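Here is the structure we will look at, set down as structure tokens.
FYI, it's all coordinate maths here, none of it is from the lab. Predicted model, so just to flag it, every value in this text is computed and none were measured. When we count neighbours, we look across all protein chains shown, and the Cβ atoms used for this are built from the backbone with ideal geometry, even at glycine.
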């Protein structure tokens, strides 16, 4: 890392993202600003397709082909950084679909060595760190798993592996893009507990993208609500659940609480 | 694009086949049918002869001795001698070195250009892709031999220029193939994951996209080697490539033209050598394709 002291604050400022459809520029993310602090989890919630995942990717200049970041900057402890310099170094990312986020023809060991190699980490300590992180992520039998291909593993195992790879990077900030979407409920619970435990212990600053208010209630300290590419409300998690101000937030909560009969949004 | 996707990696990931690394080189030999095995043996023998030809030819391939010109085959000159009394077998062996050597150089040039140009087009996409592929289309439009003749006409006669001409006329096929595969993979999550883990575009390309193109590049290259060999010999036959005293199959065929009615064997031997090499390499390419294409393999069930 650049300084001996771990960075405390990551700020995404005025992020704008657009793409071109049939020759017309379409704005996908409009003037989004977010503030992630070390030791704290900021949840970014909203309906599917409102630009949550894109915000994560574009702030690191890793938006999918054909999508451009038009405005915005990312700063760590007040110092503006080039996105390419902090990807994987200061900000680790967990993607939403563990099944497709691994190269199908490569083993876990090859995946595990790729990040450290890209970061230029000393070769001697690479495997050591990955093994420690895998143990932290609840993967037992590390030797066997390192030789597996993605299709030989369950979704839960792959998600744990992805978390392990993120941890092994030693980055102080973590972007978790719907980390539990494709998993069954029991595995979801395990993964959420794991994330909670690890982020607390290591004091990571987490940007958690999700549309599941249950996940928000379990993990988040603060919540930013997004709709149609804009942030419409940012508040501590208790306020979002008790006193939602924006109609879209209320809708999200109603939809969530309707799953539990006998309760309704305030 | 979606259907391509499924073909490329869906099969690898989904249908319970063991991963590609699980097959060693030995199993290619075990599973191949006899034509493929024979082709592999012939290709290896050719390569060996080409490499060793400076030391193992029975006679000096360029030693002229008019006293023994146009000898039939005997114990000393196994395939006889040509119109200048040079040993045909020795010339065939020396010719293998020229043919295979120039094909190898041309192929290396073509693969390098194809991977770099096609990879750039596919990876960057957008206008760069459009511009590169339109240029490639121009090259794809011309018959390669006409284009090669034009190139040699512009660059001048000689083996180096023939190799350059062949590379310039063939890169587009490879570039198009690499581009197609890269395009089908570049939106995959694992490419995004690689970028997010801090890999530079070049690192991502080399680690995740290039290996995916290798199987198909290898097959196309093996199938094309025979074709390129014919190009080199063809241009030499026309007197545009390797020039007269050098032992080369095309040159030998050209030299034998005057004697085609009286000494037809003079033309037969280099022709046979060309036929066998091209045949062997094509068969080998076919077998490799059967072997490396997962969807074909699933159909055959072997």
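At a glance:
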{"item": "Kirkwood Rh and Cα Rg combined as Rg over Rh, evaluated for the range B:166-302", "result": "1.17"}
{"item": "MRE, 222 nm, helices only [DSSP H, n ≥ 4, -39500 (n - 2.57), over chain A, to nearest 500]", "result": "-11000 deg cm²/dmol"}
{"item": "Residue-averaged beta-carbon neighbours from other chains (10 angstrom radius) around A:175-184", "result": "0"}
{"item": "Within the protein assembly as shown, percent of DSSP bridges classed antiparallel, to nearest 5", "result": "60 percent"}
{"item": "Calculated over the range B:68-108: convex hull of Cα atoms, volume per residue (Å³)", "result": "55 Å³"}
{"item": "Relative packing of peptides A:171-181, B:276-286 - highest average C-beta neighbours within 10 Å first", "result": "A:171-181, B:276-286"}
{"item": "Rg(Cα)/(2.2 N^0.38 Å) for the range A:134-266, N = residue count", "result": "1.19"}
{"item": "Inter-chain Cβ neighbour average for residues B:184-192, partner chain, 10 Å", "result": "5"}
{"item": "Whole-number D in µm² s⁻¹ for the protein assembly as shown, Kirkwood Cα-pair radius fed into Stokes-Einstein, 20 °C, 1.002 mPa s", "result": "77 µm²/s"}
{"item": "Approximate spin-label separation residue A:197-residue A:143, in nm, with each point projected 7 Å along Cα-to-Cβ", "result": "2.4 nm"}
{"item": "Convex hull (Cα only) mean projected area of the range B:191-251, reported in nm² to one decimal", "result": "6.0 nm²"}
{"item": "Gain in span if fully extended, residue B:141 to residue B:258, counting 0.36 nm per residue against the direct Cα distance", "result": "38.5 nm"}
{"item": "10 Å Cβ neighbours from other chains, averaged over peptide A:114-120", "result": "5"}
{"item": "Square roots of five times the Cα gyration tensor eigenvalues for the range A:173-250, Å", "result": "22, 14, 12"}
{"item": "Over 29 Å [Cα-Cα, chain B], rounded percent", "result": "46 percent"}
{"item": "The range B:69-163 - Rg over Rh from alpha carbon coordinates, Kirkwood radius", "result": "1.23"}
{"item": "Helix A:247-257 vs. chain A, principal-axis angle (Cα, 0 to 90°, nearest 10)", "result": "60 degrees"}
{"item": "With 5 Å bins from 0: P(r) over the range A:177-221, alpha-carbon pairs, percent", "result": "5, 22, 35, 27, 9, 2"}
{"item": "Pairwise FRET efficiency - residue B:63 versus residue B:108, Cβ, R0 = 25 Å, nearest 0.05", "result": "0.20"}
{"item": "Protection proxy ranking, peptides A:192-203, A:99-110, average beta carbon neighbours within 10 Å, highest first", "result": "A:99-110, A:192-203"}
{"item": "Mean Cβ count within 10 Å, highest first, over the residues of peptides A:25-37, A:50-62, A:248-260", "result": "A:50-62, A:25-37, A:248-260"}
{"item": "Zero-based 10 Å bins, Cα pair distances in the range B:92-247, whole percents", "result": "11, 36, 29, 16, 7, 1"}
{"item": "For chain A, diffusion coefficient by Stokes-Einstein and Kirkwood Rh (Cα), 25 °C, 0.890 mPa s, µm²/s", "result": "128 µm²/s"}
{"item": "Normalised alpha carbon radius of gyration of the range B:17-118 [divisor 2.2 N^0.38 Å]", "result": "1.54"}
{"item": "Long-range Cα-Cα pairs in the range A:18-129 (distance over 20 Å), rounded percent", "result": "54 percent"}
{"item": "Structure-based [θ]222 nm, chain B - -39500 (n - 2.57) summed over DSSP H runs of at least 4, per residue, nearest 500", "result": "-23000 deg cm²/dmol"}
{"item": "The range A:108-197: mean projected area of Cα convex hull, nm²", "result": "5.9 nm²"}
{"item": "Cα pair count fraction exceeding 11 Å, expressed as % - the range B:220-265", "result": "65 percent"}
{"item": "Centroid-to-centroid separation of the range A:6-72 and the range B:157-219 [C-alpha atoms, Å]", "result": "31 Å"}
{"item": "Cα centroid separation - the range A:135-196 against the range B:48-105, whole Å", "result": "65 Å"}
